[in-house]
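Trainee: Following this message is one structure expressed as structure tokens.
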Amino acid sequence: MALMRRFTVWACKLGLRLVFKVDSAEFRKIQGEGPLIAYTNHTSLVEAPMIYTHLKPREKVTGLAKVEFWDKPFMGWLFDLWEVMPIRRGEADMEAMRTSIDLLKRGYILGIAPEGTRSASGSLMRAQSGIAVLALHSGSPLQPIANWSIGKLSDNLKRLRRTPYHFRVGPAFRVDTHGQKVTREARQEIADAIMYQLAKVLPEELRGDYADLEKASGKWLAFTDPGPVPAF
């Protein structure tokens, strides 16, 4: 099993690098060990395997993917091999939530896309509150991983050119309620505060619903090491 996982990771990473020119230096900024909620913007099917194959140690890296992927035999087999967890979108999937919290408490790195679905425009959409629930119940730190590509993939493939693919990683932080009661409205506020940290490391034109960084609130967040934030 471990040998097959290593082979599929190597093959997937090689395939992605044949198609994309990957700017992966930022991965050195990611907290090396769990627990960690590594969250990202969701614009294509590429970012999940791209991030998974660059994170280490992979023995304790997992993530959430829509349950429909398991309807495709190869994808279901691959995600089972990589120990990716299925989640039912559009409803409160408590089983996936409990499993995620348990894995975080066991020291895993959990990948998640808080928007819950792909953004057709490539810009950030408003997050669902599930990421706030994960952070609150697991006590895990979070770290934003922004990703985007430049140019049209189909046009570049026709010209046998690799498509530039970029990553930017923001500082890790925790959610801190300061002893306040967390209501449904507060959970959404926390999710929005988390997403503004992702928006900060995205190019301005991709910030979407989180474009106005002046609305970013530090009320619910605690940073231990702010670190540098890339400028665009």
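Trainee: Here are some residues: ARG161, ARG98. Which one is surrounded by fewer than 19 Cβ atoms within 10 Å (Cβ to Cβ), modelled with pLDDT under 95, out of contact with any Ser or Thr (no Cβ under 8 Å at 6 or more places or on another chain) and not in a loop (DSSP other than H, G, I, E, B)?
Mentor: Answer to the selection: ARG98.
Condition check ((1) within 14 Å of the chain's Cα centre (by Cα); (2) part of a helix (DSSP H, G or I)) across all residues:
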| site | (1), (2) |
| --- | --- |
| ARG89 | no, no |
| LEU103 | no, yes |
| GLY111 | yes, no |
| GLU115 | yes, no |
| SER123 | no, no |
| ILE145 | yes, no |
| ASP155 | no, yes |
| GLN188 | no, yes |
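Trainee: Any residue in the stretch 152-163 that's within 18 Å of ARG17 (Cβ to Cβ) and aliphatic (A, V, I, L, M): show its pairings with residues that are surrounded by 10 or more Cβ atoms within 10 Å (Cβ to Cβ) and at pLDDT 85 or above at Cβ separation under 7 Å, as long as the two are six or more apart or on different chains.
Mentor: That search, which allows pairs on different chains as well, returns LEU153/THR163.
Trainee: Filter the stretch 100-130 down to residues that are of a type in the set (Val, Ile, Thr) and in contact with a strand residue (DSSP E or B) (Cβ under 6 Å, 6 or more places away or on another chain) and give me whichever is farthest from MET195 (Cα to Cα).
Mentor: ILE109
Trainee: Related question: How many residues, within the stretch 32-54, are surrounded by fewer than 20 Cβ atoms within 10 Å (Cβ to Cβ) and of a type in the set (A, V, I, L, M)?
Mentor: 2
Trainee: It is to be established whether one or more residues within the stretch 16-23 are closer than 18 Å to PRO144 by Cα, assigned to a helix (DSSP H, G or I) and under 17 Å from the mean Cα position of the chain (by Cα).
Mentor: no
The values are calculated or read from the model by the stated rules, or taken from the named source; none is laboratory data. Quantities reported herein were computed from a predicted structural model and do not represent experimental measurements. Every residue, glycine as well, gets a Cβ built from its backbone with ideal geometry; the counts of neighbours run over all protein chains shown.
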